[in-house]
1. Within 10 Å, count the other beta carbons around each residue, average over each peptide in 234-243, 86-95, and list them highest first.
2. For each pair in Lys163/Lys254; Lys163/Lys277; Lys142/Lys254; Lys163/Lys350; Lys54/Lys350, compute the distance between the two Cα atoms and list the pairs where it is over 25 Å.
3. Lone cysteines in the chain, defined as no other cysteine's Cβ under 4.7 Å from theirs: which are they?
4. Going by amide H atoms built from the backbone, whose H comes under 5 Å of the H on Asp418, apart from near neighbours?
5. For helix 3-14, report the angle its Cα long axis makes with the longest principal axis of the Cα atoms of the chain; keep it between 0 and 90° and round to the nearest 10°.
6. Given a Förster radius of 60 Å and the C-beta distance between Asp491 and Gln314 as r, what FRET efficiency does 1/(1 + (r/R0)^6) yield to the nearest 0.05?
7. Can you give the relative contact order of the chain as a percent, counting alpha carbon pairs under 8 Å and 6+ residues apart?
8. Using Cα centres only, tell me the gap between the range 73-101 and the range 261-336 in whole Å.
Amino acid sequence: MTMRQAIVLTSVFLVSSDRTATAQWVSFTDDTASRLILSPFADDPGGLPINDGKEKDMAVGDLNRDGLTDVVVVRKLQFSNPGARQDVLLINENGVLTDRTADFAPGFITEMTDARDVFIGDFDGDGWDDVIIANTFWQQPKYYRNLGDDGNGNWFGLADESKARFPEIVVANLPGPQFCAVWGGDVTGNGALDIYFSNYAQSDGTTDVLLINSGSGIFTDETDARLGDYANVAFGTAVEIYDVDNDGDNDIVKISTLYAADPFDARWLGILYNNGKGSFNNVQEIFNAEPYMFDIGDLNGDGMLDIYHQGDQQDRVLIATSMTPDVNVTYTVSQPSPSPRTTGFGGNSKLADVDGDGDLDVGIAPVDVDIQNCSGFLAGDFALLRNDGTGGLSDPWLDNQDQNIHVRPHDFAFLDVDNDGCMDILMGLCEGWRVFIQDGCDPPLPGDGDGDGDVDLADHGVFVQCATGPGPHDLSATCAAFDLDGDQDVDLADWSVFQVGFTGS
């Protein structure tokens, strides 16, 4: 399961699906002042970090396994310019995103990066999420291993083990990587996350990189053997790994744009099909209208994965309708309902169940990080699109209905900052940072693991299984809902909290 899938499933699990939507749909309070603590950045120690204007990209995960979602933010000089900057580790401490970079990720300070993307996942199979950083301007990528804890909840943080785990990466026609995107997913079927880096060159083309995981977080570059010419790329802006044809193995969806890079044309968004053994010998172009970014998820709940496509002129929704494994997925293509926030240049898009109704909504950052469109006629505002349950997406706020979230971030993250069961938003703006907390969200009932609004026999049965199952620090997503005292164990201490709300019926 990818980190993004985990976020979506967690939001559905915690929030009852019968929440009544208000006329204005969801709303947010700008709570940056009390929800975000930043330390001075090593690249600008005299500046005010809250006003930081560097380019930012984000990934989320529960890095210290305390039940709260943390964030890694990678930073660089804005736009298509070299300029390594300090990356940032934000630990969620009781609903406050707190900069703990110096304490738990000192390598972010001593080894500044020209990073364009970051991915969080458990790559060495020890149950703790690691951090992969995709660098550009000839820098090798970074592997930060999660060191776990001492058994008593005292987390050790992240350590740079890049040289021990990654080979030296060589790409075609360039002196080193210029990675714009990274994704983790198991393509070989051994249960370990492999890594795909999407690369770019201003001309003449280059190659993406596929690193294969030994199973313990040691990687080999098997790009040529597994991808052949399908590794070729012009400007690779985005990549994701999913089983898009529902045949039991993970495929690769990627973009190559700007100019033709054989066998891909100048505007290529498509699928590299996994042959079941981790090699890719068939491709399908699924869309070719100025692709820039995309995100994948089941938008209409039919069990097939759909795509939200962010284009330079008009965003589109690609709904999967049929599939022939390893050969073809058929999509219907439509546009979100007309909105000035889904036309023109834009950037990262992400899916999450923002309103807790069981379907995936869409957020889109407005900034194309390769051109200077933070302001002026090229700029738009952050878009939050509502899903009607069938994959129909619309912007609830048109004309003069601007909300406080309609600002201009490089990137953003959906996460439950205050642990109330509703999605909040962290944004890294062209100028500064923002934390928006969702309004009107009732806190989940302690012990209501199935989210039905009652602590009943169904919850009791799961509680007993969790309390008598594997020991501390081995919590599944289901059992984590019953760790009511936050000690990473479901035990008698949790029962005293559980029984307060237990109805027995």
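The values are calculated or read from the model by the stated rules, or taken from the named source; none is laboratory data. A quick note: this is a predicted structure, and the numbers were derived from the prediction, not measured. With ideal geometry, Cβ positions are generated from the backbone for all residues, glycine too; neighbour counts draw on all protein chains shown. Accessible surface is based on the protein model in full, side chains and every heavy atom, while ligands, DNA and RNA are left aside. Shrake-Rupley method; radii C 1.70, N 1.55, O 1.52, S 1.80 Å.
1. Details: 234-243: 23.7, 86-95: 21.9.
Descending packing order for the listed peptides: 234-243, 86-95.
2. Numbers: Lys163/Lys254 27 Å; Lys163/Lys277 27 Å; Lys142/Lys254 21 Å; Lys163/Lys350 31 Å; Lys54/Lys350 21 Å.
Listed pairs above 25 Å: Lys163/Lys254; Lys163/Lys277; Lys163/Lys350.
3. Isolated Cys, the chain: Cys180.
4. The list, which skips near neighbours in sequence, is empty: none.
5. Tilt relative to the chain: about 30 degrees.
6. On the way: r = 54 Å, r/R0 = 0.90.
Computed FRET efficiency for Asp491 and Gln314 comes out at 0.65.
7. Relative contact order here is 13 percent.
8. The range 73-101 and the range 261-336 have Cα centres separated by 31 Å.
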